[in-house]
Amino acid sequence: MLIPKLSQFPRFSYALSREYPYSWVTPVAILGGIVAITLITIINFATLGFDLVATSTNNPNETIANANPFGQHGLLSRLARGVTASCTSTTLPIGTQIFSTNYAIPYALSSVWRENDDNTQENLGSLIYMNQPINCTVTQVIIRVLGKYTQSPLLSARTRVGLQLETYATCSVHIDVSRTDTTDRPTYFELRGSYNLLDEAIPHFLLTDKDKKASLYWGQSLLSVYSLITSHAYFVGASNFSWGQDHTYNAYIGLTRASNATQGSAEEVMSDEFFHVGCYTEENYCGNNSIPWLSQGKGVDGHQYDPYANIWSSVDVLGKAMWFTVMTDLGQNDTAIPNMLVYPDLLVNLTSNLTNEVNFFEALQDSATQTGNQTGTTIRIDNQLAMATYDPSDTSQGALGAQPSFLSTDYICQVPKAKSGGIRALVILMSDLVFLQTLWAIFKMLVDYKVGREGPAAMYCEGCLGSPVQESSETVGDSNAAITTARKPYVGRKSIDESDVEMVNYEQVRVTERHVE
(Lines give C-alpha, C1' and ligand atoms only; values in the text may rest on other atoms or scores of the structure.)
Protein backbone atom coordinates (compact mmCIF):
# COMPACT_ATOMS: atom_id res chain seq x y z
CA MET A 1 0.00 0.00 0.00
CA LEU A 2 1.46 3.25 -1.15
CA ILE A 3 1.19 6.18 1.21
CA PRO A 4 1.21 9.51 -0.65
CA LYS A 5 3.86 11.95 0.29
CA LEU A 6 2.91 14.99 2.29
CA SER A 7 3.88 17.23 -0.60
CA GLN A 8 1.36 15.50 -2.83
CA PHE A 9 -1.62 16.69 -0.78
CA PRO A 10 -3.39 19.83 -2.03
CA ARG A 11 -2.16 22.88 -0.23
CA PHE A 12 -4.29 25.52 1.40
CA SER A 13 -3.72 29.01 0.03
CA TYR A 14 -3.98 32.49 1.37
CA ALA A 15 -4.84 35.76 -0.28
CA LEU A 16 -2.41 38.60 -0.66
CA SER A 17 -3.34 42.06 0.49
CA ARG A 18 -2.16 45.55 -0.14
CA GLU A 19 -2.94 48.79 1.62
CA TYR A 20 -5.50 51.00 -0.07
CA PRO A 21 -3.94 54.22 -1.36
CA TYR A 22 -6.77 56.26 0.26
CA SER A 23 -6.50 57.64 3.76
CA TRP A 24 -10.29 57.89 4.15
CA VAL A 25 -10.97 54.17 3.83
CA THR A 26 -10.14 53.23 7.45
CA PRO A 27 -12.19 55.94 9.26
CA VAL A 28 -15.11 55.45 6.88
CA ALA A 29 -15.05 51.70 7.52
CA ILE A 30 -14.88 52.16 11.31
CA LEU A 31 -17.54 54.85 11.57
CA GLY A 32 -19.76 53.12 9.04
CA GLY A 33 -19.39 49.85 10.93
CA ILE A 34 -20.42 51.48 14.21
CA VAL A 35 -23.48 53.10 12.64
CA ALA A 36 -24.36 49.93 10.74
CA ILE A 37 -24.08 47.62 13.73
CA THR A 38 -26.21 50.00 15.82
CA LEU A 39 -28.96 50.20 13.23
CA ILE A 40 -28.82 46.50 12.45
CA THR A 41 -28.99 45.59 16.15
CA ILE A 42 -32.05 47.80 16.66
CA ILE A 43 -33.76 46.31 13.62
CA ASN A 44 -32.90 42.77 14.68
CA PHE A 45 -34.15 43.47 18.21
CA ALA A 46 -37.51 44.59 16.81
CA THR A 47 -37.86 41.77 14.30
CA LEU A 48 -36.13 38.84 16.02
CA GLY A 49 -36.39 39.56 19.75
CA PHE A 50 -40.01 38.47 20.16
CA ASP A 51 -42.20 35.44 19.57
CA LEU A 52 -45.96 35.39 19.03
CA VAL A 53 -47.86 33.44 21.69
CA ALA A 54 -51.58 32.65 21.84
CA THR A 55 -53.79 34.13 24.55
CA SER A 56 -57.49 34.59 25.28
CA THR A 57 -59.18 37.93 25.97
CA ASN A 58 -62.63 39.51 26.02
CA ASN A 59 -61.29 42.95 25.03
CA PRO A 60 -59.27 42.57 21.82
CA ASN A 61 -58.94 46.32 21.26
CA GLU A 62 -57.22 46.82 24.61
CA THR A 63 -55.13 43.68 24.17
CA ILE A 64 -53.82 44.81 20.78
CA ALA A 65 -53.15 48.35 22.01
CA ASN A 66 -51.20 47.23 25.09
CA ALA A 67 -49.46 44.13 23.74
CA ASN A 68 -47.37 45.72 21.00
CA PRO A 69 -43.97 46.51 22.58
CA PHE A 70 -43.34 49.46 20.27
CA GLY A 71 -46.84 50.96 20.22
CA GLN A 72 -49.16 51.38 17.28
CA HIS A 73 -47.15 53.93 15.33
CA GLY A 74 -43.54 54.76 14.57
CA LEU A 75 -40.65 53.15 12.69
CA LEU A 76 -40.09 50.29 15.12
CA SER A 77 -43.76 49.33 15.07
CA ARG A 78 -43.55 49.11 11.28
CA LEU A 79 -40.37 47.05 11.45
CA ALA A 80 -41.97 44.72 13.99
CA ARG A 81 -45.07 44.20 11.87
CA GLY A 82 -44.33 40.50 11.73
CA VAL A 83 -44.72 40.21 15.52
CA THR A 84 -47.64 42.60 15.92
CA ALA A 85 -50.50 41.56 18.18
CA SER A 86 -53.62 40.42 16.35
CA CYS A 87 -56.94 38.80 17.23
CA THR A 88 -59.30 36.64 15.22
CA SER A 89 -63.06 36.99 15.00
CA THR A 90 -65.21 34.75 17.16
CA THR A 91 -68.12 32.70 15.90
CA LEU A 92 -71.33 32.80 17.96
CA PRO A 93 -73.77 30.02 16.98
CA ILE A 94 -77.50 30.56 17.39
CA GLY A 95 -78.46 29.79 20.99
CA THR A 96 -75.25 31.19 22.47
CA GLN A 97 -75.70 32.72 25.93
CA ILE A 98 -73.93 36.04 26.17
CA PHE A 99 -73.67 39.29 28.16
CA SER A 100 -72.92 42.76 26.93
CA THR A 101 -69.80 44.45 28.28
CA ASN A 102 -72.05 46.20 30.84
CA TYR A 103 -72.97 42.79 32.33
CA ALA A 104 -76.53 43.68 33.33
CA ILE A 105 -78.85 41.27 31.51
CA PRO A 106 -78.00 37.83 30.06
CA TYR A 107 -78.99 37.29 26.42
CA ALA A 108 -79.46 34.38 24.05
CA LEU A 109 -78.67 34.77 20.35
CA SER A 110 -81.97 33.70 18.78
CA SER A 111 -81.47 34.45 15.05
CA VAL A 112 -78.98 35.91 12.56
CA TRP A 113 -79.69 37.13 9.03
CA ARG A 114 -78.66 39.44 6.22
CA GLU A 115 -80.82 41.30 3.75
CA ASN A 116 -80.02 40.87 0.07
CA ASP A 117 -80.32 43.47 -2.68
CA ASP A 118 -83.65 42.04 -3.76
CA ASN A 119 -85.03 42.53 -0.22
CA THR A 120 -84.95 38.82 0.51
CA GLN A 121 -83.62 37.60 3.83
CA GLU A 122 -80.67 35.24 4.08
CA ASN A 123 -80.73 33.35 7.39
CA LEU A 124 -77.38 32.48 8.94
CA GLY A 125 -76.46 29.83 11.47
CA SER A 126 -74.01 31.95 13.44
CA LEU A 127 -72.74 35.47 13.99
CA ILE A 128 -69.13 36.26 13.13
CA TYR A 129 -68.19 39.00 15.58
CA MET A 130 -65.05 41.03 16.17
CA ASN A 131 -65.86 43.49 18.96
CA GLN A 132 -67.79 45.85 16.69
CA PRO A 133 -70.12 48.41 18.28
CA ILE A 134 -73.71 47.21 18.14
CA ASN A 135 -76.81 49.18 17.18
CA CYS A 136 -79.95 47.79 18.83
CA THR A 137 -83.66 48.50 19.06
CA VAL A 138 -85.86 46.90 21.73
CA THR A 139 -88.98 45.44 20.12
CA GLN A 140 -90.86 43.62 22.91
CA VAL A 141 -91.01 42.93 26.63
CA ILE A 142 -92.73 39.81 27.95
CA ILE A 143 -93.75 39.30 31.57
CA ARG A 144 -94.30 35.63 32.34
CA VAL A 145 -96.20 34.85 35.52
CA LEU A 146 -94.84 31.62 36.99
CA GLY A 147 -97.42 29.76 38.99
CA LYS A 148 -97.07 27.24 41.78
CA TYR A 149 -96.50 24.32 39.44
CA THR A 150 -93.89 26.06 37.32
CA GLN A 151 -91.48 27.35 39.95
CA SER A 152 -89.19 25.15 41.98
CA PRO A 153 -90.37 24.36 45.54
CA LEU A 154 -87.73 26.69 46.92
CA LEU A 155 -88.92 29.63 44.83
CA SER A 156 -92.58 28.85 45.53
CA ALA A 157 -91.80 28.98 49.25
CA ARG A 158 -90.34 32.45 48.79
CA THR A 159 -93.04 33.86 46.54
CA ARG A 160 -96.46 32.59 45.44
CA VAL A 161 -96.24 34.49 42.16
CA GLY A 162 -92.96 34.33 40.30
CA LEU A 163 -92.19 36.77 37.53
CA GLN A 164 -89.76 36.20 34.71
CA LEU A 165 -89.15 39.04 32.30
CA GLU A 166 -87.98 38.56 28.73
CA THR A 167 -87.09 41.14 26.16
CA TYR A 168 -86.33 41.00 22.46
CA ALA A 169 -83.94 43.38 20.74
CA THR A 170 -82.98 43.56 17.06
CA CYS A 171 -79.35 44.54 16.58
CA SER A 172 -76.97 45.06 13.69
CA VAL A 173 -73.22 45.14 13.16
CA HIS A 174 -71.04 45.82 10.15
CA ILE A 175 -68.85 42.83 9.31
CA ASP A 176 -66.08 42.89 6.72
CA VAL A 177 -67.23 40.56 3.94
CA SER A 178 -65.15 42.16 1.18
CA ARG A 179 -63.53 38.84 0.31
CA THR A 180 -66.84 37.20 -0.51
CA ASP A 181 -69.25 40.06 -1.18
CA THR A 182 -68.83 43.42 -2.88
CA THR A 183 -71.91 44.92 -1.22
CA ASP A 184 -71.49 46.54 2.17
CA ARG A 185 -74.51 45.42 4.17
CA PRO A 186 -74.97 45.02 7.93
CA THR A 187 -75.58 41.69 9.60
CA TYR A 188 -78.70 41.59 11.77
CA PHE A 189 -79.30 39.45 14.82
CA GLU A 190 -81.89 39.14 17.56
CA LEU A 191 -81.09 38.97 21.27
CA ARG A 192 -83.48 37.57 23.86
CA GLY A 193 -82.77 38.92 27.34
CA SER A 194 -84.01 37.38 30.59
CA TYR A 195 -84.47 38.68 34.12
CA ASN A 196 -85.74 36.96 37.25
CA LEU A 197 -85.25 38.64 40.61
CA LEU A 198 -85.15 35.40 42.59
CA ASP A 199 -83.92 32.67 40.25
CA GLU A 200 -80.15 32.37 40.69
CA ALA A 201 -79.96 30.30 37.49
CA ILE A 202 -80.48 33.57 35.59
CA PRO A 203 -77.59 35.85 36.66
CA HIS A 204 -78.08 39.58 36.37
CA PHE A 205 -76.29 42.86 37.15
CA LEU A 206 -72.87 41.33 37.66
CA LEU A 207 -71.21 44.76 37.95
CA THR A 208 -73.24 47.22 40.00
CA ASP A 209 -71.75 50.70 40.27
CA LYS A 210 -74.14 53.53 41.16
CA ASP A 211 -71.48 56.15 40.43
CA LYS A 212 -69.96 55.00 37.12
CA LYS A 213 -73.07 53.23 35.82
CA ALA A 214 -75.82 55.29 37.40
CA SER A 215 -78.43 54.60 34.72
CA LEU A 216 -78.04 50.84 35.07
CA TYR A 217 -78.18 51.24 38.85
CA TRP A 218 -81.57 52.93 38.56
CA GLY A 219 -82.75 50.28 36.11
CA GLN A 220 -81.73 47.54 38.54
CA SER A 221 -83.51 49.32 41.39
CA LEU A 222 -86.75 49.69 39.42
CA LEU A 223 -86.69 46.08 38.24
CA SER A 224 -86.13 44.82 41.77
CA VAL A 225 -88.79 46.93 43.45
CA TYR A 226 -91.48 46.61 40.79
CA SER A 227 -90.96 42.85 40.42
CA LEU A 228 -92.02 42.58 44.06
CA ILE A 229 -94.81 45.15 43.70
CA THR A 230 -96.24 43.48 40.57
CA SER A 231 -95.93 40.00 42.07
CA HIS A 232 -97.87 41.08 45.17
CA ALA A 233 -100.51 42.86 43.06
CA TYR A 234 -101.03 39.73 40.95
CA PHE A 235 -101.28 37.60 44.11
CA VAL A 236 -103.97 39.93 45.48
CA GLY A 237 -105.86 39.92 42.16
CA ALA A 238 -105.79 36.14 41.85
CA SER A 239 -106.86 35.70 45.49
CA ASN A 240 -110.27 37.15 44.63
CA PHE A 241 -111.02 33.98 42.70
CA SER A 242 -111.40 30.42 43.91
CA TRP A 243 -108.33 29.10 42.04
CA GLY A 244 -106.16 31.89 43.31
CA GLN A 245 -106.78 31.35 46.99
CA ASP A 246 -104.58 28.27 47.15
CA HIS A 247 -102.88 28.17 43.76
CA THR A 248 -101.65 30.50 41.09
CA TYR A 249 -101.17 29.51 37.48
CA ASN A 250 -99.02 30.68 34.61
CA ALA A 251 -99.93 33.82 32.73
CA TYR A 252 -98.49 35.83 29.86
CA ILE A 253 -98.27 39.59 29.39
CA GLY A 254 -96.76 40.91 26.14
CA LEU A 255 -95.75 44.56 25.77
CA THR A 256 -94.84 46.21 22.48
CA ARG A 257 -94.52 49.84 21.48
CA ALA A 258 -97.94 51.22 20.56
CA SER A 259 -96.68 53.91 18.19
CA ASN A 260 -95.28 53.19 14.73
CA ALA A 261 -93.45 56.52 14.51
CA THR A 262 -89.84 56.25 13.35
CA GLN A 263 -88.64 58.55 16.10
CA GLY A 264 -90.48 58.77 19.38
CA SER A 265 -90.70 61.68 21.77
CA ALA A 266 -90.39 62.25 25.50
CA GLU A 267 -94.16 62.61 25.73
CA GLU A 268 -94.61 59.18 24.19
CA VAL A 269 -92.38 57.32 26.67
CA MET A 270 -93.88 59.16 29.67
CA SER A 271 -97.43 58.27 28.63
CA ASP A 272 -99.25 55.32 30.18
CA GLU A 273 -100.30 54.42 26.63
CA PHE A 274 -96.74 53.74 25.54
CA PHE A 275 -97.39 49.99 25.45
CA HIS A 276 -99.67 47.90 23.31
CA VAL A 277 -100.68 45.03 25.61
CA GLY A 278 -101.60 41.42 24.96
CA CYS A 279 -102.21 39.00 27.85
CA TYR A 280 -103.52 35.59 28.77
CA THR A 281 -104.37 34.48 32.31
CA GLU A 282 -106.07 31.46 33.90
CA GLU A 283 -109.49 31.87 32.26
CA ASN A 284 -109.25 35.08 30.37
CA TYR A 285 -107.28 37.27 28.03
CA CYS A 286 -106.98 41.01 27.64
CA GLY A 287 -110.03 42.40 25.93
CA ASN A 288 -108.27 45.75 25.63
CA ASN A 289 -104.71 46.53 24.66
CA SER A 290 -104.04 49.80 26.47
CA ILE A 291 -103.09 50.08 30.12
CA PRO A 292 -105.60 52.87 30.96
CA TRP A 293 -108.47 50.67 29.70
CA LEU A 294 -107.15 47.52 31.34
CA SER A 295 -106.83 49.36 34.66
CA GLN A 296 -110.61 49.91 34.62
CA GLY A 297 -111.30 46.17 34.44
CA LYS A 298 -114.49 46.57 32.38
CA GLY A 299 -113.70 44.28 29.48
CA VAL A 300 -115.14 44.25 25.95
CA ASP A 301 -116.64 41.80 23.48
CA GLY A 302 -118.77 39.98 26.05
CA HIS A 303 -116.04 39.64 28.67
CA GLN A 304 -117.14 40.71 32.08
CA TYR A 305 -113.74 42.00 33.00
CA ASP A 306 -110.16 42.45 31.91
CA PRO A 307 -107.97 40.33 34.22
CA TYR A 308 -106.72 41.83 37.44
CA ALA A 309 -107.29 45.56 37.07
CA ASN A 310 -105.03 46.25 40.06
CA ILE A 311 -101.79 45.06 38.37
CA TRP A 312 -101.52 47.37 35.35
CA SER A 313 -99.98 50.50 36.87
CA SER A 314 -97.07 48.46 38.22
CA VAL A 315 -96.89 46.44 34.95
CA ASP A 316 -96.43 49.74 33.09
CA VAL A 317 -93.44 50.77 35.23
CA LEU A 318 -91.96 47.25 35.29
CA GLY A 319 -92.23 46.95 31.51
CA LYS A 320 -90.59 50.34 30.97
CA ALA A 321 -87.87 49.51 33.49
CA MET A 322 -87.02 46.35 31.56
CA TRP A 323 -87.28 48.06 28.16
CA PHE A 324 -84.93 50.93 29.02
CA THR A 325 -82.56 48.84 31.14
CA VAL A 326 -81.92 46.67 28.08
CA MET A 327 -81.42 49.78 25.96
CA THR A 328 -78.87 51.07 28.47
CA ASP A 329 -77.19 47.69 28.79
CA LEU A 330 -76.76 47.57 25.01
CA GLY A 331 -75.37 51.12 24.94
CA GLN A 332 -78.33 52.86 23.29
CA ASN A 333 -79.18 56.45 24.20
CA ASP A 334 -81.68 57.39 21.51
CA THR A 335 -82.64 54.50 19.25
CA ALA A 336 -86.15 55.17 17.94
CA ILE A 337 -87.22 56.52 21.34
CA PRO A 338 -85.51 58.48 24.15
CA ASN A 339 -84.00 56.36 26.91
CA MET A 340 -85.82 57.12 30.16
CA LEU A 341 -82.84 56.02 32.27
CA VAL A 342 -80.49 58.48 30.55
CA TYR A 343 -82.36 61.80 30.75
CA PRO A 344 -83.00 63.28 34.24
CA ASP A 345 -86.50 64.60 33.53
CA LEU A 346 -87.59 61.25 32.09
CA LEU A 347 -86.11 59.35 35.03
CA VAL A 348 -87.97 61.61 37.43
CA ASN A 349 -91.19 60.63 35.64
CA LEU A 350 -90.35 56.91 35.68
CA THR A 351 -89.54 56.93 39.41
CA SER A 352 -92.29 59.36 40.42
CA ASN A 353 -94.11 56.77 42.55
CA LEU A 354 -91.07 54.81 43.74
CA THR A 355 -90.99 56.28 47.25
CA ASN A 356 -94.68 55.49 47.87
CA GLU A 357 -94.38 51.96 46.51
CA VAL A 358 -91.35 51.19 48.68
CA ASN A 359 -93.01 52.57 51.81
CA PHE A 360 -96.20 50.61 51.09
CA PHE A 361 -94.40 47.32 50.50
CA GLU A 362 -92.16 47.63 53.57
CA ALA A 363 -95.17 48.48 55.76
CA LEU A 364 -97.01 45.50 54.30
CA GLN A 365 -94.13 43.15 55.08
CA ASP A 366 -93.80 44.52 58.61
CA SER A 367 -97.51 44.03 59.18
CA ALA A 368 -97.39 40.48 57.82
CA THR A 369 -94.55 39.68 60.19
CA GLN A 370 -96.61 40.88 63.15
CA THR A 371 -100.00 39.43 62.16
CA GLY A 372 -98.99 36.41 60.08
CA ASN A 373 -101.15 37.54 57.15
CA GLN A 374 -100.21 36.26 53.69
CA THR A 375 -98.63 38.80 51.31
CA GLY A 376 -97.60 36.28 48.68
CA THR A 377 -93.89 36.69 49.27
CA THR A 378 -91.28 36.64 52.01
CA ILE A 379 -88.80 38.76 50.07
CA ARG A 380 -87.72 42.16 51.33
CA ILE A 381 -86.62 45.11 49.21
CA ASP A 382 -82.85 45.37 48.87
CA ASN A 383 -81.90 48.55 50.73
CA GLN A 384 -78.64 48.76 48.78
CA LEU A 385 -80.64 49.91 45.77
CA ALA A 386 -82.49 53.16 45.14
CA MET A 387 -85.64 53.42 47.26
CA ALA A 388 -86.80 56.96 46.51
CA THR A 389 -87.72 59.10 43.53
CA TYR A 390 -84.76 60.36 41.50
CA ASP A 391 -83.63 63.83 42.53
CA PRO A 392 -81.66 65.57 39.73
CA SER A 393 -80.45 68.24 42.17
CA ASP A 394 -78.56 65.65 44.25
CA THR A 395 -74.97 66.14 43.07
CA SER A 396 -73.73 63.09 44.98
CA GLN A 397 -75.36 60.81 42.42
CA GLY A 398 -73.45 59.49 39.45
CA ALA A 399 -73.95 60.94 35.99
CA LEU A 400 -76.64 59.31 33.88
CA GLY A 401 -75.80 57.89 30.48
CA ALA A 402 -75.55 54.78 28.34
CA GLN A 403 -71.94 53.70 27.95
CA PRO A 404 -70.82 52.14 24.64
CA SER A 405 -71.45 48.44 24.72
CA PHE A 406 -70.14 45.39 22.91
CA LEU A 407 -70.93 41.70 23.10
CA SER A 408 -68.76 40.12 25.76
CA THR A 409 -67.08 37.01 24.40
CA ASP A 410 -63.62 35.48 24.27
CA TYR A 411 -61.21 36.04 21.40
CA ILE A 412 -58.05 34.14 20.52
CA CYS A 413 -55.18 36.60 20.07
CA GLN A 414 -51.51 36.36 19.24
CA VAL A 415 -49.39 38.76 21.26
CA PRO A 416 -45.62 39.39 21.22
CA LYS A 417 -43.59 37.88 24.05
CA ALA A 418 -39.90 38.65 24.51
CA LYS A 419 -37.53 35.73 24.03
CA SER A 420 -35.27 34.73 26.90
CA GLY A 421 -32.19 36.93 27.29
CA GLY A 422 -29.65 34.33 26.13
CA ILE A 423 -31.59 33.19 23.07
CA ARG A 424 -32.40 36.76 22.10
CA ALA A 425 -28.73 37.82 22.35
CA LEU A 426 -27.57 34.81 20.29
CA VAL A 427 -30.13 35.32 17.55
CA ILE A 428 -29.38 39.04 17.28
CA LEU A 429 -25.59 38.44 17.29
CA MET A 430 -25.78 35.87 14.50
CA SER A 431 -27.98 38.11 12.39
CA ASP A 432 -25.68 41.10 13.03
CA LEU A 433 -22.65 39.13 11.83
CA VAL A 434 -24.38 38.10 8.62
CA PHE A 435 -25.44 41.65 7.84
CA LEU A 436 -22.02 43.12 8.70
CA GLN A 437 -20.20 40.58 6.55
CA THR A 438 -22.46 41.42 3.64
CA LEU A 439 -21.96 45.17 4.09
CA TRP A 440 -18.18 44.74 4.35
CA ALA A 441 -18.06 42.70 1.13
CA ILE A 442 -20.08 45.36 -0.70
CA PHE A 443 -17.84 48.14 0.65
CA LYS A 444 -14.68 46.30 -0.39
CA MET A 445 -16.02 45.60 -3.84
CA LEU A 446 -16.76 49.28 -4.42
CA VAL A 447 -13.35 50.45 -3.19
CA ASP A 448 -11.53 47.74 -5.21
CA TYR A 449 -13.40 48.85 -8.29
CA LYS A 450 -12.28 52.45 -7.70
CA VAL A 451 -8.67 51.38 -7.19
CA GLY A 452 -8.65 49.25 -10.33
CA ARG A 453 -9.80 52.12 -12.50
CA GLU A 454 -6.87 54.33 -11.48
CA GLY A 455 -4.18 52.26 -13.19
CA PRO A 456 -3.00 48.68 -13.80
CA ALA A 457 -0.12 48.98 -11.35
CA ALA A 458 -2.58 49.27 -8.49
CA MET A 459 -3.71 45.72 -9.08
CA TYR A 460 -0.27 44.17 -8.43
CA CYS A 461 1.42 43.59 -5.13
CA GLU A 462 4.85 45.05 -4.54
CA GLY A 463 7.67 42.59 -5.12
CA CYS A 464 5.56 40.12 -7.12
CA LEU A 465 6.85 38.56 -10.36
CA GLY A 466 5.28 39.82 -13.54
CA SER A 467 4.73 43.36 -12.33
CA PRO A 468 4.90 45.89 -15.16
CA VAL A 469 6.65 48.36 -12.88
CA GLN A 470 9.63 46.24 -12.14
CA GLU A 471 11.31 44.10 -14.78
CA SER A 472 15.03 43.70 -15.41
CA SER A 473 17.42 41.48 -17.31
CA GLU A 474 20.77 40.42 -16.06
CA THR A 475 23.64 38.51 -17.63
CA VAL A 476 25.11 35.81 -15.50
CA GLY A 477 28.89 35.26 -15.72
CA ASP A 478 30.54 33.74 -18.74
CA SER A 479 27.54 31.64 -19.53
CA ASN A 480 25.74 34.77 -20.72
CA ALA A 481 22.71 33.58 -18.73
CA ALA A 482 19.73 35.89 -18.87
CA ILE A 483 17.82 36.23 -15.62
CA THR A 484 14.31 37.74 -15.66
CA THR A 485 12.63 38.84 -12.43
CA ALA A 486 8.92 39.48 -12.61
CA ARG A 487 6.17 40.58 -10.16
CA LYS A 488 3.16 38.42 -9.66
CA PRO A 489 -0.03 39.86 -11.12
CA TYR A 490 -2.63 40.47 -8.37
CA VAL A 491 -6.18 41.51 -8.77
CA GLY A 492 -8.01 42.54 -5.63
CA ARG A 493 -7.64 39.86 -3.00
CA LYS A 494 -8.21 36.89 -5.24
CA SER A 495 -5.59 34.13 -5.08
CA ILE A 496 -3.66 33.29 -8.25
CA ASP A 497 -3.14 29.75 -9.47
CA GLU A 498 0.43 28.47 -8.90
CA SER A 499 0.68 27.20 -12.48
CA ASP A 500 0.62 30.76 -13.76
CA VAL A 501 2.91 32.58 -11.30
CA GLU A 502 4.68 31.80 -8.05
CA MET A 503 4.12 33.45 -4.65
CA VAL A 504 5.65 36.77 -3.46
CA ASN A 505 9.45 36.86 -2.95
CA TYR A 506 9.82 33.57 -4.82
CA GLU A 507 11.95 34.21 -7.92
CA GLN A 508 11.83 31.97 -10.89
CA VAL A 509 15.12 31.96 -12.76
CA ARG A 510 15.23 30.86 -16.29
CA VAL A 511 18.75 30.37 -17.56
CA THR A 512 19.55 29.83 -21.18
CA GLU A 513 23.14 28.89 -21.84
CA ARG A 514 24.73 29.85 -25.03
CA HIS A 515 27.63 27.82 -26.15
CA VAL A 516 30.29 29.83 -27.84
CA GLU A 517 31.68 28.13 -30.75
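The values are calculated or read from the model by the stated rules, or taken from the named source; none is laboratory data. Bear in mind that the values here come from a model prediction, so they are computed numbers and not experimental data. With ideal geometry, Cβ positions are generated from the backbone for all residues, glycine too; neighbour counts draw on all protein chains shown. Side chains are part of the model used for accessible areas, which takes the heavy atoms of the whole protein and leaves out ligands, DNA and RNA. Shrake-Rupley method; radii C 1.70, N 1.55, O 1.52, S 1.80 Å.
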**Prompt:** Can you give me the relative contact order of region 105-212 as a percent, contacts being Cα pairs under 8 Å and 6 or more apart?
**Reply:** 34 percent
**Request:** Quick one: which residues, 5 or more positions from PHE99 or on another chain, have an amide H under 5 Å from its amide H? H modelled 1.01 Å from N in the peptide plane, none for Pro or chain starts.
**Result:** TYR107, SER408
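Given all pairs of different Cα atoms, what value in angstroms does the Kirkwood hydrodynamic radius of region 314-431 take? Don't skip to the answer; put the middle values down first.
Working: mean 1/r = 0.0522 Å⁻¹.
Hydrodynamic radius (Kirkwood, Cα pairs) of region 314-431 is 19.2 Å.
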**Complete:** Interchain or sequence-distant (5+) residues whose placed amide H lies within less than 5 Å of the amide H of ALA386 are SER221
**Asked** Which peptide among 260-272, 215-227, 342-354 comes first, and what is the full order, when sorted by highest mean count of other Cβ atoms within 10 Å?
**Response** 215-227, 342-354, 260-272
**Complete:** Along region 352-367, Karplus-curve 3J(HN,Hα) (6.51, -1.76, 1.60; θ = phi - 60°) to the nearest Hz, with x for Gly and Pro, reads 4, 10, 5, 4, 5, 5, 5, 4, 5, 5, 5, 5, 4, 5, 5, 5
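How long are the semi-axes of the equivalent ellipsoid of region 115-179, taking √(5λ) for every eigenvalue λ of the Cα gyration tensor, in whole Å from largest down? All intermediate terms of the calculation are to be shown ahead of the outcome.
Values: eigenvalues 315, 37, 26 Å².
Semi-axis lengths for region 115-179 are 40, 14, 11 Å.
Explain nothing, just the number: dipole magnitude of region 193-265 about its Cα centre with +1 on each Lys and Arg Cβ and -1 on each Asp and Glu Cβ, in debye rounded to the nearest 20. Spell out each step's value before the answer.
Working: 4 positive and 5 negative charges, 67 e Å.
With only Lys, Arg, Asp and Glu charged at Cβ, the dipole is about 320 debye.
Counting only protein heavy atoms and a 1.4 Å probe, tell me what percentage of region 328-459's accessible area is made up of carbon and sulfur. Mind dumping the intermediate values first?
Working: 4250 of 7290 Å².
Exposed carbon and sulfur together represent 58 percent of the surface.
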**Request:** Collect residues whose amide H, placed 1.01 Å from N in the peptide plane, falls under 5 Å from the amide H of HIS276; neighbours closer than 5 in sequence don't count.
**Result:** THR256, ARG257, ALA258
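Among the listed pairs LYS210/LYS417; LYS148/LYS320; LYS212/LYS320; LYS148/LYS210, which have their C-alpha atoms separated by more than 29 angstrom in this model?
Values: LYS210/LYS417 38 Å; LYS148/LYS320 26 Å; LYS212/LYS320 22 Å; LYS148/LYS210 35 Å.
Beyond 29 Å: LYS210/LYS417; LYS148/LYS210.
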**Asked** From the phi of every residue in region 188-193, what ³J(HN,Hα) in whole Hz does the Karplus formula 6.51 cos²θ - 1.76 cosθ + 1.60 yield, where θ is phi - 60° and glycine or proline is x?
**Response** 9, 8, 10, 10, 10, x
**Request:** Taking the dipole about the Cα centre of region 135-238, with the C-beta of Lys and Arg at +1 and of Asp and Glu at -1, give me whichever of ALA157, CYS136, SER224 is farthest to the positive side.
**Result:** ALA157
**Item:** Pair-distance profile P(r), taking every C-alpha pair of region 384-429, with 10 angstrom steps and integer %
**Value:** 15, 20, 15, 14, 15, 12, 8, 0
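May I ask you to compute the full-extension gain from TRP113 to GLU362, defined as 0.36 nm times their residue separation minus their alpha-carbon distance, rounded to one decimal in nm?
84.9 nm
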**Request:** List the trypsin sites (Lys or Arg not before Pro) within region 338-422 that fall in a DSSP loop (any state other than H, G, I, E or B) and whose Cβ has at most 16 other Cβ atoms within 10 Å.
**Result:** ARG380, LYS419
